[in-house]
Amino acid sequence: MKKFVLWGTYCDDVLQKRAPFRQAHLDYLQSLQQQGKLQTIGPTQDMRRVFGVYIAKDEGEARALIEADPYWQNQVWTSYEVYEWIQAI
């Protein structure tokens, strides 16, 4: 399996916009982590960007995992980029 870095952006008024979807988002992330498909994820301090590390067979699978997230489906995340990551340490 390969690792993929997610860099994404949040919508304006993220704290209000995410409220109805927060629990579904957290449940989804916990499920991914239990399946060994998510190493870490979280927002930057200013709540403008999200960073995560997904574990997938290829970029297509990583993108599918991201796009299945309630935050993506409900426009809490407004854009994202994915990069294959080589963990040196």
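Each value in this text was obtained by applying a stated rule to the coordinates, not by laboratory testing. The model shown is predicted, which means the values in this text are computed figures rather than measured ones. Counting neighbours? That spans all protein chains shown, and the Cβs are built from the backbone with ideal geometry, glycine included.
Straight-line reach from K57: which lysines have a Cα under 25 Å away, not including same-chain ones fewer than 8 places off?
Correct list for K57: K2, K3, K37.
Using only the alpha-carbon atoms, how far is helix 22-34 inclined from the longest principal axis of the chain? Give it as 0 to 90 degrees, nearest 10.
10
Just to be sure I understand, if you calculate Rg/Rh (Cα atoms, Kirkwood Rh) for this structure, which of [x] 0.95; [y] 0.98; [z] 1.22 do you get?
[x]
Ranked highest first by average number of other Cβ atoms within 10 Å, how do 44-53, 3-12 line up?
3-12, 44-53
Once you keep just the Cα pairs under 8 angstrom separated by 6 or more residues, what percentage relative contact order results for the chain?
Value for the chain: 49 percent.
Subtract the Cα-Cα distance of M1 and E81 from 0.36 nm times their separation in residues, and report this length gain in nm to one decimal.
Value of the extension gain: 26.9 nm.
Report the label-to-label distance for Q73 and T40 in nanometres (one decimal), using points 7 Å from each Cα along the Cα→Cβ vector.
Modelled inter-label distance: 2.8 nm.
At a Förster radius of 30 Å, what calculated FRET efficiency corresponds to the Cβ-Cβ distance of I89 and Q16, to the nearest 0.05?
Efficiency for this residue pair is about 0.20.
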